[in-house]
Amino acid sequence: MIDRARLERRMGELARIGGTGTSVTRLGLSSEEQRARDLVGGWLAARGARVHRDPAANLWARFEPPGAGGQSLPIVVGSHLDSVPEGGRFDGALGVLCAVEAVESLLDAKSELRRPIEVVAWADEEGARFGVGLFGSTAAFGRLAANVAERHDRAGTSIADALRALGEHGDPALARRGPKEFVAYCELHIEQGPRLDQAGLALGVVDAIVGIYHARVTVRGRADHAGATVMTARADALAAAAEIVLEVERIARSRADAVGTVGEIAVRPGAKNVVPGECVFSLDLRTAHGLDSLVHDTLAAVERVTHARGVSASIDELARVSATTLDERIRGVLKRAAKSVGVDAPELTSGAGHDAQNPALAGVPTGMLFVRSTGGSHTPREFASIDDAAVGAEALAIALRELAS
Ligand code: HGY
Ligand code: MN
Ligand code: MN
């Protein structure tokens, strides 16, 4: 049913936006992300969708099938178009491409659909620029923290500024839609881990998504002369941060299904002959069970280390998304769809966060389909074959046809 050549052609077209070689940099709310929305929106409009961008820069494309018979609540399908810096070509993008291909193939086949279908491309899922992950879908489901639009990137541009530069008026909270507006949400995404590849399977169905905590930690010590300040007279912010980083690793390692990462770090004033006065670093904690206790133990370690070293720390919480079990019925639909394309899809828990957490937490019946990927993720090594992408798009089309009939 799906048009494999069309899917492959579009994968190449999209990868060229913000792309260099096999890597892609399309940061959230950037002009590259907007060019990607324009490309995808053009494809959808050409097939008769009503396309618009909402105040949080999410792209929506609504198809009213003739057979909808007044059923106004849609099935929503999509993913995100932004990437991490020097990321891969498939994270998020494959989900949007397969959503477009699945809907177009249903239109090509003149499938009998009794519900509208909305394709969505969520804005700034990675949070790589402003630190707020799942930004667009969080806005759409009314879960944004207050004053989030004042958060700014390293250049001092705020989320509100970036939205205004795109032609929006800068308040992402206006993007809110009620969860009762949707019958179901489906997202296809690369697995980003090794399990499907190790099992020799093209598809998996997600049973749950881990809980995620994001924060920015600022350690304040005292800048001093690197030569004239004896070791016992220092309040070295970077040395304290380094000990905290190792504590993050130790605590996460001590728990069966937890991970802890410090991916960003900055030092001030940042000169070789100055004892670091301040250090700011990111905190990414995840676990399928007991997020609050993982966070508590980690923040207690921050307190312990800073107290022992005579420095101080402040924690700026950016996101706390609880572990999310996905909808049994939608999981069943996706497993049957995978079966009908020849794959006995296992159920997998996602260690990566996804926009799907927001509709699911808002009470929208939500499911995710994983496509085998290799080479890890958030790296140019990330890879998914057109064969697996085509199988995924086919299964997604079958699932949408069942949900929309
Ligand atoms: O970080 C994540 O898990 C996702 O890729 N944003
Ligand atoms: Mn990602
Ligand atoms: Mn993603």
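The values are calculated or read from the model by the stated rules, or taken from the named source; none is laboratory data. Everything numeric here is computed off the predicted structure, so don't read it as measured data. Reconstructed Cβ throughout: ideal geometry from the backbone, glycine too, with neighbour counts over all protein chains shown. These accessible areas exclude ligands, DNA and RNA; they are computed on the full protein's heavy atoms, side chains included. Shrake-Rupley method; radii C 1.70, N 1.55, O 1.52, S 1.80 Å.
Protein chains only, probe 1.4 Å: how do ARG10, ARG151 rank by accessible area, largest first? Mind showing how you got there, number by number?
Working: ARG10 25, ARG151 50 Å².
Result of the area sort, largest leading: ARG151, ARG10.
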Over all Cα pairs of segment 312-367, the Kirkwood radius sets Rh, and Rg/Rh then becomes 1.17
When only the heavy atoms of the protein chains count and the probe is 1.4 Å, how do ARG220, ARG336 rank by accessible area, highest first?
ARG336, ARG220
Please work out the ratio of the alpha-carbon Rg of the chain to 2.2 N^0.38 Å and round it to two decimals.
1.03
Averaging sequence separations of C-alpha pairs under 8 Å and six or more residues apart, then dividing by the length of the chain, give the relative contact order as a whole percent.
23
Longest principal axis of the chain (C-alpha) makes with the long axis of helix 291-309 (C-alpha) an angle, in degrees to the nearest 10, of 20
Quick one: of the DSSP bridges fully inside the chain, what percent are antiparallel, nearest 5?
70
Remind me, relative contact order of segment 298-371 in percent, using alpha carbon pairs under 8 angstrom and six or more residues apart?
34
Whole-number accessible area per residue in Å² for segment 212-319, which is evaluated in the context of all protein chains at 1.4 Å
52
Divide by every residue of the chain the summed helix terms, -39500 (n - 2.57) for each DSSP H run of at least 4, and state the resulting mean residue ellipticity at 222 nm, rounded to the nearest 500 deg cm²/dmol.
-10500 deg cm²/dmol
Charge-dipole axis of segment 212-319 as Lys and Arg at +1 and Asp and Glu at -1 on Cβ define it, positive-most pick from MET231, ILE244, THR306
MET231
Leaving out ligands, DNA and RNA but keeping every protein chain, what accessible area does PHE370 have, in Å² rounded to the nearest 10, with a 1.4 Å probe?
0
Quick one: if you stick a label point 7 Å off each Cα along the C-beta vector at LYS180 and ALA228, how many nm between them?
7.0
When averaged across all projection directions, what area in nm² does the alpha-carbon convex hull of segment 212-319 cover?
6.4
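Which order do you get for MET1, MET11 if you rank them by accessible area with a 1.4 Å probe, largest at the top?
Greatest to least solvent exposure: MET1, MET11.
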With everything on Cα atoms, drop me the angle between helix 31-46 and the longest principal axis of the chain, reported from 0 to 90° to the nearest 10.
10
Relative contact order of segment 212-319: what whole-number percent is it, with Cα pairs under 8 angstrom and at least 6 residues apart?
45
If you look for lysine pairs in the chain that are eight or more places apart or on different chains, how many of them have Cα atoms under 29 Å apart?
4
Carbon and sulfur atoms account, in whole percent of the 1.4 Å probe accessible area of the chain, for 52
